[in-house]
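The values are calculated or read from the model by the stated rules, or taken from the named source; none is laboratory data. It should be emphasised that the depicted structure is a prediction, and the values quoted were computed from it without experimental measurement. Cβ placement follows ideal geometry from the backbone for every residue including glycine, while neighbour counts extend to all protein chains displayed. Only protein heavy atoms, including side chains, enter the accessible area calculation; ligands, DNA and RNA are left aside. Shrake-Rupley method; radii C 1.70, N 1.55, O 1.52, S 1.80 Å.
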Amino acid sequence: MDSVDAEIARAQEERRKMEEVAPLTSLTFDADLYGGANRFEGYELSIPVTEEDEDQDADGRDLARRMASYTGPKSLKEIPRGAEAEDDSGFKKPQRIIDREDDYRRRRLQRIISPERNDPFATGEATPDPSVRTYVDVMREQALQRQKEEMLKEIAKKKEEEKNKAAAEPAPPAQKRRNRWDQSQEPDAAAKKAKTTSDWDAPDSTPGIGRWDATPTPGRVADATPSVRRNRWDETPTPGRLADADATPAAGAVTPGATPTGMTWDATPKLAGLATPTPKRQRSRWDETPASMGSATPLPGAATPAAAFTPGVTPVGGVDLATPTPGAINLRGAFTPEQYNLLRWERDIEERNRPLTDEELDAMFPQEGYKILDPPSSYVPIRTPARKLLATPTPLGTPLYAIPEENRGQQFDVPKEAPGGLPFMKPEDYQYFGALLNEEEEEQLSPEEQKERKIMKLLLKVKNGTPPQRKTALRQLTDKAREFGAGPLFNKILPLLMQPTLEDQERHLLVKVIDRVLYKLDELVRPFVHKILVVIEPLLIDEDYYARVEGREIISNLSKAAGLATMIAAMRPDIDNIDEYVRNTTARAFSVVASALGIPALLPFLKAVCQSKKSWQARHTGIKIVQQIAILMGCAVLPHLRSLVEIIEHGLSDENQKVRTITALSLAALAEAAAPYGIESFDSVLKPLWKGIRSHRGKVLAAFLKAIGFIIPLMDAVYASYYTKEVMIILIREFQSPDEEMKKIVIKVVKQCVSTEGVEADYIRNDILPEFFRNFWVRRMALDRRNYRQLVETTVEIANKVGVADIVGRVVEDLKDESEPYRRMVMETIEKVVANLGASDIDARLEELLIDGILYAFQEQTSDDANVMLNGFGAVVNALGQRVKPYLPQICGTIKWRLNNKSAKVRQQAADLISRIAIVMKQCHEEQLMGHLGVVLYEYLGSASQTDPYLKEQT
């Protein structure tokens, strides 16, 4: 300890001596360049909060004007800014990968890292362990999954058909529901209506009385007309009622329905003394009076009957209706198992929700940093049992379940410091590295657990550590890769790469770890090939170019380490996977394998897959592998071009539409990669392609047209002219297509066809140009950037064949269009056409229209992108040369007028335009006009310097 203190003291003494030798105040500098004592005098020391504050700040405006007037070299603008500058701008690129991914790319998180598989090269001819998954097991699981999906689709399809069938059938006429109050007016209505033989519809023994009618009492004479059925809601007859309620009583007679003397209205009728017996009727359980429960209403002074009796048939009171509470169960007699468990659960919940003791709180929180507060004097804890939380009872007898014991010593929201000098853990890292926080002695762990703990420490240093920690940990992981083993390494690395909160830098570091480890493990990675592919394949479709390069590099090294057979065995089940995302990434991974191990090694496998009879998904993925090989390898496919075309050519006539589409796209990719060679290899597909463009529509037609567009430039001039005229009929028809993707492809194919030798200018001028300009040169095309680019390039290519006058003459009027994006597209087209071909074909009338149009477009521009107008103006003026002399006074007048504009941007555009046309003005011997412009510029420079101290100092 003393040696450390002495070393610190010695270092401090040396620093003090150095400061004494060269103090900061002794530094000398040029006061003229760096100012006086306060070099930051005049700078703004605070940032205005609101726009009003900014407007009131004159010094801030001066500083902004100085900065805006400064013009540095263009190379400085191309220097990428640092992270701090991006933070200040407010448009910083999101660091987390998932934040910038779309829904399709996020499907990578739904994939499961499969268990390790059997390595047949390691086991040889021995029978593999049943616990290890073999190729047969994987294929069986894939087949079962595919059958399940097909079955679910069939069920959904049948349900949809039944639903459509039910909707198509005419609905039966709705019957009018008979109201219970309605009476049948027809005597034989009951005979006409078919009645069901329900027990409730059985006829009563007493004619004319409904089932729900009151019990007939003696003294009531039956209805004279038995066919008229009395309604169920008729009043209940009372004893002594001798006539019907509707009859008019005679003089001195008793009113029907009157209450007899000496009887209350709710008393039980007395049957004694009545001569007429009660007619016999069917007994109803609702007619019973509960006799086993004693008096329902307790007498005065009597106790409320206990709840232990057996309830009668008719429930009385609320004791049998309310849901029993645990406190009321004791009043209901003997316990049932459910009631016993309910009480036990209540006691358990009360125990779990009891207040924590001081000892338990001391165990959960650190001793320092916390203070025990006394409760307020007015605090009264809740002791009412009715307000305590009751557990919801679950079904009785959950098998083999016991409530787990709670670890009350667990710490919440109190992060531990990582032991042993490990870097800080993010909250999302606890899932993977939480075991490192357990303060267990490593000697107590098994060798395998110690190895895993060591790997986790090194990975945490690589992921979150400082650069020196990262470098050391990466070297240790690389050197000890075979010692750690492939299983423990990949079981820790791959889940980290599937982490949803992973950032770009962290993914880059973990991929670097896999790359280094692969080099060391070599053939030991074979059981883990599919695991690695599940994690690395999504990199192949990432929007970041460098991520795609890293993914291809990992898969290439994995192919060389594991071998072709292992790669095919690992990826074969994914070729006909039901998920399109899996098939897409698998096809791209196979193309990387082909580039690493050679196309000839993969050709037999591709031929078998593309001719699969079991599923169209396998054929689709096999053909897509060929497409990705062509895109990835480019002209390297030339030696194998004929073989690749023969493998996929049958897909043009496949029964599945998606297979036909991907086949045409693959042929287009092969033709693009082989250009300008290889037309002989496509002889076998020309006839199916030409037949297909006449029989297909939509996306399939677009794919076929794209393939033809790339094949025609490979042909000789005679054949190219013939096939162009044949396909142009279809193209002109599709000019009117509303589909944006179809428009892009049609414009691209037109460009490819007209650029081919053998296509005459007259044919283009007469047959293509009218429809082309009528359908494509519209304002809407200027709004989509991709359409904008493609249309300009195609028009320039057409101009190369038919000349400047035909193209410029058709678009020159559009320079005065009210849509600025459209004017910009027209100006860019004219600039490129004139720059390529010159202005010799432009006659005097077109020359006037052109100068007038570019002047209007230049003056009406309002967007920030002024380079298009400046470049177009400069290109046209330089191409016309001395022919522009009559228009120079008008152009210079416009420039002088715009130099006087209050907008700095407009003045800058006018000054830039002078620099573009100065050479032509000298060619036209307009030195006097140039001198006048120079004087104007100098005067404006002087007036600007009077208002701007910085400019005044420079001048």
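State the number of residues belonging to segment 783-804 that are more than 18 Å from residue 752 (Cβ to Cβ) and part of a helix (DSSP H, G or I).
3
Among the helices (runs of 4 or more DSSP H) contained in segment 494-571, which hold 1 or more residues that are surrounded by fewer than 18 Cβ atoms within 10 Å (Cβ to Cβ) and basic (Lys, Arg)?
504-521, 545-562
Here is a list of conditions, (1) modelled with pLDDT of 85 or more; (2) outside any loop (DSSP other than H, G, I, E, B), and residue 842 meets all of them except one; can you say which number that is?
Failing condition for residue 842: (2).
Can you list residue pairs whose Cβ atoms sit under 9 Å apart, with the first residue in segment 746-775 being closer than 12 Å to residue 725 by Cα and the second being in a helix (DSSP H, G or I) and of a type in the set (Lys, Arg)? Count only pairs 6 or more apart in sequence or on different chains.
754/801; 759/725; 759/801; 760/801; 763/725; 764/801; 767/725
With respect to residue 832, determine if the residue is under 44 Å from the mean Cα position of the chain (by Cα), touching a residue at least 24 places away in the same chain (Cβ under 8 Å) and under 28 Å from residue 922 (Cβ atoms).
Yes, satisfied.
Only one residue in 904, 911, 844 is touching a residue at least 60 places away in the same chain (Cβ under 8 Å) and open to solvent by less than 70 Å² (accessible area, probe 1.4 Å), so which one is that?
Testing whether each residue is touching a residue at least 60 places away in the same chain (Cβ under 8 Å) and open to solvent by less than 70 Å² (accessible area, probe 1.4 Å) leaves just 904.
Residues checked against (1) under 19 Å from residue 710 (Cβ atoms); (2) surrounded by fewer than 19 Cβ atoms within 10 Å (Cβ to Cβ); (3) under 35 Å from the mean Cα position of the chain (by Cα); (4) among the β-branched types (Val, Ile, Thr):
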{"position": "593", "(1), (2), (3), (4)": "no, no, yes, yes"}
{"position": "611", "(1), (2), (3), (4)": "no, yes, yes, no"}
{"position": "648", "(1), (2), (3), (4)": "yes, no, yes, yes"}
{"position": "652", "(1), (2), (3), (4)": "yes, no, yes, no"}
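Are there any helices (runs of 4 or more DSSP H) wholly within segment 658-753 with 1 or more residues that are under 23 Å from residue 622 (Cβ atoms), open to solvent by less than 40 Å² (accessible area, probe 1.4 Å) and at pLDDT 90 or above, and if so which?
Hits in segment 658-753: 683-695, 698-711.
With the checklist (1) among the charged types (D, E, K, R); (2) within 30 Å of residue 497 (Cβ to Cβ); (3) touching an Asp or Glu at 6+ places or on another chain (Cβ under 7 Å) in hand, flag the one item residue 572 doesn't pass.
It is condition (3) that residue 572 fails.
Take the residues of segment 777-820 that are of a type in the set (Gly, Ala, Ser) and under 35 Å from the mean Cα position of the chain (by Cα): which is nearest to residue 736 (Cα to Cα)?
My answer is 782.
One line per residue, one yes/no per condition, for (1) free of Cβ contacts under 8 Å to residues at least 12 places away in the same chain; (2) under 33 Å from the mean Cα position of the chain (by Cα); (3) at positive phi:
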residue	(1), (2), (3)
665	no, yes, no
674	no, no, no
682	no, no, no
695	yes, no, no
708	no, no, no
711	no, no, no
715	no, no, no
721	no, no, no
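Report yes if some residue within segment 766-777 is in a loop (DSSP other than H, G, I, E, B), more than 20 Å from residue 838 (Cβ to Cβ) and either open to solvent by less than 50 Å² (accessible area, probe 1.4 Å) or polar (S, T, N, Q) (or both); otherwise report no.
yes
Return yes when residue 327 is at positive phi, modelled with pLDDT under 80, surrounded by 11 or more Cβ atoms within 10 Å (Cβ to Cβ) and not polar (S, T, N, Q) and no when it is not.
Criteria not met by residue 327.
Test residue 823 against the criterion of being of a type in the set (Lys, Arg), over 47 Å from the mean Cα position of the chain (by Cα) and under 22 Å from residue 773 (Cα atoms), and give yes or no.
no
Kindly list, by first and then second residue, each pair from a residue in segment 635-659 that is of a type in the set (Ser, Thr, Tyr) to a residue that is assigned to a helix (DSSP H, G or I), limited to pairs with Cβ atoms under 8 Å and residues at least 6 apart or on different chains.
Taking only residues 6 or more apart or on different chains, the pairs are 643/603; 653/660; 653/688.
Whether any residue in segment 805-815 is open to solvent by 40 Å² or more (accessible area, probe 1.4 Å), touching a helix residue (DSSP H, G or I) at 6+ places or on another chain (Cβ under 9 Å), modelled with pLDDT under 90 and not in a helix (DSSP H, G or I) is what I want to check.
No - not one qualifying residue is present in segment 805-815.
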